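Written out below as structure tokens is the structure these notes cover.
The values are calculated or read from the model by the stated rules, or taken from the named source; none is laboratory data. None of these values were measured; they are calculated from a predicted model. Neighbour counts are summed over all protein chains in view; Cβ atoms, including those assigned to glycine, are modelled from backbone coordinates with ideal geometry. Keep in mind that these areas ignore ligands, DNA and RNA; they rest on the heavy atoms of the full protein, side chains included. Shrake-Rupley method; radii C 1.70, N 1.55, O 1.52, S 1.80 Å.
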Amino acid sequence: MSTTVSFVTNLTGTGKGDEDIDPEIKDEGKKIIMQYSEALVQNISVLFQLSIDQAYQVLQEESLVLLSSLAELMAELFADHYGTFMPGLMSIL
């Protein structure tokens, strides 16, 4: 999971310290990730639920970091997935 987090955040420029990346490079990275965004969200959903069921905090944290990056990238398109993640998020609180 951590390699996927690093891959997505570095490719899209959503990681810490990525403010200096050329906007054109960020846009190209976002286009690449958007092709796989639905599959990534589905897989994150499964892993996030597993992390809750097994109280596996490390997986939970990495799932949420990746989810956050994808939600930012997908913008309005992520709204379709809101109901998938909200119950899990509420259970964490």
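Modelled spin labels at residue 34 and residue 1, positioned 7 Å past Cα toward Cβ, are 2.8 nm from each other. Each principal axis of the Cα cloud of the chain was evaluated for its coordinate range; sorted largest first, these ranges are 40, 25, 20 Å.
In degrees between 0 and 90, to the nearest 10, how far off the longest principal axis of the chain does helix 2-12 point, with axes built from Cα atoms? So the helix axis and the longest Cα principal axis differ by about 40 degrees. Loop-resident chymotrypsin sites (Phe, Trp or Tyr not before Pro) (DSSP state other than H, G, I, E or B) in the chain with no more than 15 further Cβ atoms inside 10 Å of their Cβ: 36, 56.
Exposure check, 1.4 Å probe, all protein chains in place: residue 76 carries approximately 150 Å² of accessible surface. Surface composition of the chain: carbon and sulfur atoms hold 56% of the protein heavy-atom accessible area at a 1.4 Å probe. Label positions at residue 76 and residue 50, each projected 7 Å from the Cα along the C-beta direction, are separated by 3.4 nm. Based on Cα contacts under 8 Å between residues 6+ apart, the chain shows a relative contact order of 31 percent. Computed over protein heavy atoms with a 1.4 Å probe, the accessible surface of the chain works out to 65 Å² per residue.
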